[in-house]
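**Q** What follows is a single structure, and I will ask about it in a moment.
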Amino acid sequence: MEKHVDRLSKGEAATLAGIRLATTAHLVAIAAEADPALRAMAPKRPFALVLSAPGLPSVGVSARGGRFRAWSRSSADRGGRGWPSIILRFTSRGSAARALGGGKGMPLPLPLGLGAPAALAFFRAAASRVPAILKDGAADPPLKARLLTEAALRGLAEVAALDEGLEERLAHVPDGSVAVEAGEAFSIGLRKTGRRIEVLDAAPTSPNARLKFRDADAAVAVFSGARPAVLALGSGEVAISGLLPLIQGLFAVLDRLGEYMAVRAGERLE
């Protein structure tokens, strides 16, 4: 795969756009729930902000009663979104991939309610806060682990759905549910059905397989790429159990996700 967004094929650009749309929405919601400064900035009026690009499912972030939630293709619970306060519409999938990866580009804002300006200002602040948390060496390890795990699982769902090169491989991966856990940091899950992967807010009580990190630091190391998964497994920092072909198949998709996440957007092409 090419390493710059402007050199991707149309299919690759669409997949990268889907990844960045979904991960942006979900990480903004998690950061807003965890960061008191962001919560203080949130509009008092309930809002729903939608991100969209041609040919891709819309994603969004909403706030009501001091709680934040996001939705995307991989959301198991699709209710409670409310009427959009504002839609940020990208003109193409390439522009979404570029802009949400730190490159140039600006979506067209379509305000639909009185709270649109405040919702947009909050979203911009929260979207900027996420990378700052991930780069901060003093940031709370459980929060960093939760953000990186969410990005990996939401990205996994988008790659599985959009990358046509994975269709045959996924057909050989058994369906089922996986509990993903890291001590007291988080306990969430995913469910695979064909090419569809849903991310669950809580780990299934009787999963087909389990992916367990020793602690938040182990999850951060693996999902940030600082620690190869195979070494983490060998050292006991990560343990897998249950339906191993399901876990192994999903790790192959994660490898493909890593190729997309390495694509640059900000540098100027020569």
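Just so you know, all these numbers are worked out from the coordinates, no wet-lab data involved. Note that this is a predicted model, so its numbers are computed, not measured. Ideal geometry is used to build each Cβ from the backbone, glycine not excepted, and the neighbour counts take in all protein chains shown.
**Q** Report, to the nearest 10°, how far helix 116-135 tilts away from the longest principal axis of the Cα atoms in the chain, using its own Cα long axis and a range of 0 to 90°.
**A** The angle comes out at about 40 degrees.
**Q** What's the magnitude of the charge dipole for the stretch 141-261 around its Cα centre, counting Lys and Arg as +1 and Asp and Glu as -1 at the beta-carbon? Answer in Debye, nearest 20.
**A** Its charge dipole is roughly 180 debye.
**Q** Going through the cross-link list K104/K212; K10/K144; K44/K212; K3/K135; K3/K44; K144/K192, which pairs have a Cα-Cα distance over 30 Å in this structure?
**A** From the list (K104/K212; K10/K144; K44/K212; K3/K135; K3/K44; K144/K192), the Cα-Cα distance tops 30 Å for K104/K212; K10/K144; K44/K212; K3/K44.
**Q** Let me ask something else. Once you charge only the Cβ atoms, +1 for Lys and Arg and -1 for Asp and Glu, what is the size of the charge dipole of the chain about its Cα centre, to the nearest 20 debye?
**A** 900
**Q** What are the residues whose amide H is under 5 Å from the amide H of L200, where those residues sit 5 or more places off or on another chain and H is modelled from the backbone?
**A** Hits under the 5 Å cutoff: G189, L190, R191.
**Q** By per-residue mean of other Cβ atoms within 10 Å, what is the highest-first order of 100-106, 247-253?
**A** 247-253, 100-106
**Q** Helix 244-261 versus the longest principal axis of the chain: what is the Cα-based angle in degrees, 0 to 90, to the nearest 10?
**A** 40
**Q** Taking the dipole about the Cα centre of the chain, with the C-beta of Lys and Arg at +1 and of Asp and Glu at -1, give me whichever of S128, A216, I240 is farthest to the positive side.
**A** The residue sitting most towards the positive pole is S128.
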